[in-house]
Amino acid sequence: MAEPLAESPRPPEHRKDAPSDGVGKPARQELRRHLRFRIDDASAKLYIKGFLTSIGLGKVNKARAAINLSEGGTLLLTFERIAPGTKVVVRIDMERFEDVIDVDGVVKWCEQSGKSDKDWYAGIEFSGLDGGDSKKIARMREWFTSPEYKTRTATRRRMKASGS
């Protein structure tokens with residue numbers, strides 16, 4: 001004789017005071033240590049780290065653009081897939097600040113864009129970010145999250161959409 005099936009466990013009750021994503025589901029816990037922010041008007045370069053690049057030879061830029069940034073890393077749009085675990089050098093040039101961030105990193109993930117098979121997104125975790133670069137990123141965050149910047153970009157988008 002077969003044994004009766006065990007009752008499946010009940011899902012935990014949803015607390016009314018628990019964080020929510022706005023549609024009733026519990027919000028996903030944020031695991032990042034640093035607040036990321038979207039960056040515009042920044043050029044990005046990504047080089048595979050190796051002996052030749054360390055002496056200035058064989059540098060081939062793999063980045064199209066920087067998408068977002070934090071003290072922990074950056075999201076880059078790249079020309080091709082870069083294997084997770086690959087050691088890289090990232091250079092982000094910010095014209096507005098007349099400054100550059102040069103930092104070593106490791107590719108944590110890389111996925112093809114859902115919109116174009118020519119585009120890839122790579123999540124880069126920084127390793128060895130110094131205090132000076134950390135301060136530069138903090139200044140950039142202040143600007144890119146400021147009401148002034150948001151107003152300027154909203155105006156620019158409206159003008160572009162209207163053909164002005």
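Of all residues in the range 124-133, none satisfies being at pLDDT 90 or above and more than 25 Å from His34 (Cα to Cα).
Conditions tested, residue by residue: (1) under 15 Å from the mean Cα position of the chain (by Cα); (2) assigned to a loop (DSSP other than H, G, I, E, B).
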| position | (1), (2) |
| --- | --- |
| Arg81 | no, yes |
| Gly85 | no, yes |
| Asp93 | no, no |
| Val106 | yes, no |
| Lys118 | no, yes |
| Ser134 | no, no |
| Ile137 | yes, no |
| Trp143 | no, no |
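Within the range 67-79, if we keep just the residues that are assigned to a loop (DSSP other than H, G, I, E, B) and out of contact with any helix residue (DSSP H, G or I) (no Cβ under 6 Å at 6 or more places or on another chain), the residue that is nearest to Arg38 (Cα to Cα) turns out to be Gly72. Has the range 61-74 got any residue that is surrounded by fewer than 13 Cβ atoms within 10 Å (Cβ to Cβ) and either touching a strand residue (DSSP E or B) at 6+ places or on another chain (Cβ under 8 Å) or in contact (Cβ under 8 Å) with a residue 40 or more places away in the chain (or both)? No, the range 61-74 contains no residue that is surrounded by fewer than 13 Cβ atoms within 10 Å (Cβ to Cβ) and either touching a strand residue (DSSP E or B) at 6+ places or on another chain (Cβ under 8 Å) or in contact (Cβ under 8 Å) with a residue 40 or more places away in the chain (or both).
Annotation: of all residues in the range 149-164 being more than 14 Å from Asp41 (Cα to Cα) and either of a type in the set (S, T, N, Q) or in contact with a His (Cβ under 7 Å, 6 or more places away or on another chain) (or both), the one that is modelled with the lowest pLDDT is Ser164.
Filtering Glu98, Glu125 for residues that are surrounded by fewer than 17 Cβ atoms within 10 Å (Cβ to Cβ) and under 12 Å from the mean Cα position of the chain (by Cα) leaves a single hit, Glu125.
The values are calculated or read from the model by the stated rules, or taken from the named source; none is laboratory data. Keep in mind that this is a model prediction, so the values were computed, not measured. All Cβ positions, glycine included, derive from the backbone under ideal geometry; neighbour counts span all protein chains shown.
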